[in-house]
Amino acid sequence: MRSLSFSLFSLRADREHGRSEPILLLVAALFVFSNAVALGLARDGRINGSTLWGPVCWLVAQGTAVWLLRKYARDHDPFLLPLIGLLTGWGIVLQDRLAPNFLLRQVVWVVLGTAVLVSITLLPRNLRWLRRYRYTLLLLGIALLIATLLFGINPTGASVARYWLRLPIPFLPPVYFQPSELLKLLLVIFLASYFDEREAVLRLAWNGRLQRISYLAPLLLMWGFCMILLVWQRDLGAATLFFILFLSLLYLATGDWRIVAGGVGLLLLAGIFAYFAFGLVTLRIDAWWNPWPDADNRAFQIVQSLYAVAAGGIWGQGVGQGFPQYIPVVHSDFAFAAIAEEWGLVGSLGVVGCFALLAHRGMRLALLAERPFRRYLAAGITILFSAQAFLIMGGVTKLLPLTGVTLPFVSYGGSSMLISHVMAGLLMYLSTKTRQIYL
């Protein structure tokens, strides 16, 4: 009788969750379309199709995704897709506001990413092959990174920040890919599999029953890898993200706070070394510490960002009525500053709330996981999303030195958008209860 009551309660909860997903998507659609209409009125004084075609494509993609997931994976997490949909829809309106010439590319990447998310949720029967070929996948990522070091280019033609590879796709305009984005995902998969196999041994080592030095070696190797990445590419954002990911998962595996303390110490040492060794890192640290003496030159970007945040106030200037275009590369690195100016503190806290809810759902999946690989994979993806969002929001507001990473699902960037949807698809896959037995 008790089991029957529990089954009925679970069925009722699933039905309520099933209803909540389309309702949440409808709320997101109302927000996106009302802002698109407001942008059209602010720009041209009338409502026209030039500001609505992007949200329409977004709505078709999101609606199709909800229909497919509700039909073929009814027990998936009902909050992940609406959260991601709200962020991507907001990003489409933002790109139309900041860089209309990039709007078509952003819409294409969002639609393609949504299709990839649904495919990953529905198609694979299991993900055992990720564990089986983890070394192959990681070596592939490192090979792509080496190729970037040797043959990398910058799509703008600049001689610095050559983080992209051009994909030779016939009959299409130039398509560029950033291998460090793929390496984030491959590193999560590798570390999840590594800690899955060595969790018990690591806990014994940190309890003093085994030699610790052999299990500290991966930490030191990862720190060395991040240093090499920092030295060769001057990519402070990617190096910081990789190390935060590794440090967090190692702490989850061992439960020892000394891991965090030692890792932070190593990261600070790397930062001090980079400050004196590389001009780009020196510039970003100086601009973070005191940008005002160089406000019209090297610190112009962060100063304009601070002005934009201050101008937004509580309620914002209104979409299309601020001046975020004064910030260089505002559509990519400084998208959060544009939100702060035109949507104000309320909009900024809305973005923070979306990522906080996304982190909550991801860590909930990790806590409820019955198998270590699922737990570390869900936690690793969630840590990446959270750390990346925190780094760029902190950098834009001068809480942290600017690292140059994108705001997930919002900023312009095809590589980041696609890989973020792949990771979200893995979270969605892990949330389906009927597939827990396969991991």
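The values are calculated or read from the model by the stated rules, or taken from the named source; none is laboratory data. For clarity, every value in this text was computed on a predicted model and none was experimentally measured. Counting neighbours? That spans all protein chains shown, and the Cβs are built from the backbone with ideal geometry, glycine included. The protein model used for the area step is the full one, side chains on, heavy atoms only, and it has no ligands, DNA or RNA in it. Shrake-Rupley method; radii C 1.70, N 1.55, O 1.52, S 1.80 Å.
One decimal place: the segment residue 264-residue 352 gains 29.3 nm when fully extended, by the rule 0.36 nm per residue minus the C-alpha distance. Starting from the Cα gyration tensor of segment 80-199, take the square roots of the eigenvalues, sort them a ≥ b ≥ c, and report rounded, prolate or oblate (rounded when a/c is under 1.5, otherwise prolate if a/b is larger than b/c, else oblate). Oblate.
Near residue 175, the amide H atoms lying under 5 Å from its own belong to 167, 169; only residues 5 or more places off or on other chains count, and H is placed 1.01 Å from N. Phi angles of segment 188-195 translate, via the Karplus equation with coefficients 6.51, -1.76, 1.60 and θ = phi - 60°, into HN-Hα couplings of 4, 4, 5, 5, 4, 5, 4, 6 Hz per residue; Gly and Pro are given as x. In terms of modelled amide H atoms, which long-range or inter-chain residues lie less than 5 Å from the amide H of residue 164? Residues meeting the criterion, in which the H sits 1.01 Å from N, are 153. Here the simple spin-label model places points 7 Å from the Cα toward Cβ, and for residue 371 and residue 126 these points are separated by 0.6 nm.
For segment 41-57, putting each phi into the Karplus relation 6.51 cos²θ - 1.76 cosθ + 1.60 with θ = phi - 60° gives couplings of 5, 5, 7, 10, x, 7, 8, 9, x, 5, 9, 10, 5, x, x, 5, 4 Hz, in residue order, rounded to whole numbers and with x for Gly and Pro. You can think of it this way: the chain between residue 64 and residue 232 has 56.2 nm of extra reach, that is 0.36 nm per residue less the Cα-Cα gap. Taken one residue at a time, the phi angles of segment 124-130 give Karplus couplings (6.51, -1.76, 1.60, θ = phi - 60°) of x, 6, 7, 10, 5, 5, 5 Hz. Gly and Pro are set to x. Close amide H partners of residue 317, meaning residues 5 or more places away or on another chain with modelled amide H under 5 Å apart, are 342, 343, 344. In terms of its C-alpha gyration tensor, segment 17-122 comes out prolate, because a/c is 1.5 or above and the ratio a/b outweighs b/c. The residues of segment 308-403 expose on average 38 square angstrom of accessible surface per residue, using a 1.4 Å probe on protein heavy atoms.
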